[in-house]
Amino acid sequence: MPGFEAIGEEEKIEVNDVFESGNILFRHGWDAQRNGVYKVKEFESQFSKFFGFKDCLAVTSGTSALKVAMKAMNINPGDEVITQAFTFVATVEAIIEVGAVPVICEIDETLNMDAEDLKKKITSKTKLIIPVHMLGTPADMNKIMELAKCFKIPVLEDTAWGCGGRLEGKNLGSFGDASTFSFDFGKIITTGEGGMVYLKDSEALARAKAYHDHGHENNPILPRWEDSRASSGFNYRMMELQGAVGLAQLRKLNQIIEAQRKTFSDLASEISDFKELRLRKSPNNSFETCDALVFMTSGLEESRKCREALLAEGFGTKILPEAITWHFAGTWDHMKELVNRNGNPSESFEVSRNYLHQCVALPVSIHQDNQRLIKLRNALKKVFK
Ligand SMILES: *Cc1c(COP(=O)(O)O)cnc(C)c1O
């Protein structure tokens, strides 16, 4: 969560650099006026270096990143795209936005995609699988990739919360054929609004670049107004001030995650002697970004009691249980495309619902003081006497 907590002088210097070097806020062109400053381009290049990508594409949001990636992967109307029951509503919105059919897979006790259920959801129409590293815990990418390879279906990792996390030493976002990141104001690093697209196949990435920029191929031998194009597109371009902030934030990514992991472990040890509670499981050899700490209770009633007690102490929760309606497909009866394919949401995804009702998620911040640990303990003591 705490990209915004880490904003400081470094971001201001990067933003000022844009104004002091020529006031060019657009990522393309004005080469003579901008004195060599291309913040979005540099952000893409530093991001690629950090992740070991050949190249990537900055866009306006994590949601548009999902859409741009799917467009570039030629996901067409009527194709089925499988994602998990526990994710932010944006993942399914993007599937609907490209005209595809969202197919919802259950989660397991890691609160991420259940590979067993995934296997059951694959049909001849399945054209993409989107696992999500929810709240910074890696999805079981080895199992998911194995299945995907076996059925020859591409995988897109929704890495909105997994930015900087690893599984068996490998960066999240580098397992699949594609991955997307979010830099909205609540994410690990932030540009206010923003996102990143990675596509392993360089032709697909070229399609993504053109699609997000009205079809522009940015042909180096042509001026932009005479640029070549092969298909229509849209506008999901990131602008220079966002790129500037992103550069400063990216340099802090490792520190942010270390700080979150420290806070997480302090919170975890504070609740370790409450025998009624257990921590969310994660795959072996996970390096989690620790965006939130999820503990499991006996069920919804107890989860709600925990939330009320935490609130009374001035210690909020994050997403679970209070904002489940934005993060659980079993509440999305407003999405007709989802209802048509998966049935009445309130009567579906029972396995996921059962897990999620047991969950309480605590926000994890960079600046943790002992007062918060005391508040946490006091709240839980009131619930578990
Ligand atoms: C935040 C988020 C998104 C969307 O990102 P925005 O930048 O807010 O559009 C997509 N998927 C997941 C899992 C997210 O948490």
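FYI, it's all coordinate maths here, none of it is from the lab. The structure displayed is predicted, hence computed values, not measured ones. Note that we place each Cβ from the backbone using ideal geometry, even for glycine, and neighbour counts take in every protein chain shown.
Would you work out which of N76, A100, G176 lies farthest towards the positive end of the dipole of the chain, given +1 charges on the beta-carbon of Lys and Arg and -1 on that of Asp and Glu, about the Cα centre? Sorting the options by dipole projection puts first G176. Remark: segment 159-166, residue by residue, has Karplus-estimated 3J(HN,Hα) of 9, 3, 10, x, 4, x, x, 9 Hz, where x stands for each Gly or Pro and the curve is 6.51 cos²θ - 1.76 cosθ + 1.60 at θ = phi - 60°. For S265 and E146, the FRET efficiency from 1/(1 + (r/R0)^6), where r spans their Cβ atoms and R0 equals 35 Å, is about 0.65. With contacts taken as Cα pairs under 8 Å and at least 6 residues apart, the chain reaches a relative contact order of 21 percent. Amide H to amide H, with H built 1.01 Å from N, L293 comes under 5 Å of L362, V364, counting only residues 5 or more places away or on other chains.
For the chain, the longest principal axis of the Cα atoms and the long axis of helix 253-271 meet at an angle of about 10 degrees. Positive contributions from Lys and Arg (+1) and negative ones from Asp and Glu (-1), summed over other residues with Cβ under 9 Å from the Cβ of H216, come out at 0. Rounded to whole Å, the principal axis extents of the Cα atoms in segment 184-250 read 37, 25, 19, largest first.
The spread of Cα positions in segment 210-341, taken along each principal axis and listed from longest to shortest, comes to 67, 44, 33 Å.
With 0.36 nm allotted per residue and the present C-alpha distance subtracted, the V339-E116 stretch has 78.0 nm of extension available.
Simple point charges give the picture: +1 on the Cβ of Lys and Arg, -1 on the Cβ of Asp and Glu, and for segment 84-128 a dipole about the Cα centre of about 340 debye. For the chain, the longest principal axis of the Cα atoms and the long axis of helix 39-51 meet at an angle of about 50 degrees.
Summarised in one figure, the compactness ratio Rg/Rh of segment 328-385, Cα atoms and Kirkwood Rh, is 1.23.
Compared with the dominant Cα axis of the chain, that is its longest principal axis, helix 141-151 is turned about 60°. Take every pair of alpha-carbon atoms less than 8 Å apart whose residues are at least six positions apart; their mean separation over the length of segment 140-268 yields a relative contact order of 17 percent. Geometric descriptor of segment 285-330, per residue, is 116 Å³ (volume of the convex hull of the Cα atoms). Global size of the chain: 21.3, 73 Å for Rg and Dmax (C-alpha atoms, Rg to one decimal, Dmax whole). In the structure shown, the pairs K119/K382; K127/K170; K49/K120; K170/K318; K71/K121; K143/K200 are assessed against 31 Å; a Cα-Cα span above that value is assigned to K119/K382; K49/K120. Under a model in which nothing but the beta-carbon of Lys, Arg (+1) and Asp, Glu (-1) is charged, segment 314-353 shows a dipole of about 100 debye around its Cα centre. Rounded if a/c is under 1.5, else prolate if a/b beats b/c, else oblate: with a ≥ b ≥ c from the C-alpha gyration tensor eigenvalues square-rooted, which is segment 1-159? Here segment 1-159 falls in the prolate category. Which shape class, rounded, prolate or oblate, goes with segment 1-87 when its Cα gyration tensor gives a ≥ b ≥ c as root eigenvalues, a/c under 1.5 marks rounded, and past that a/b bigger than b/c marks prolate? Note, shape of segment 1-87 comes out prolate. Relative contact order of segment 1-133: 18 percent, from C-alpha pairs under 8 Å at least 6 residues apart in sequence. Remark: the chain carries a charge dipole of roughly 460 debye about the Cα centre, counting +1 on each Lys and Arg Cβ and -1 on each Asp and Glu Cβ.
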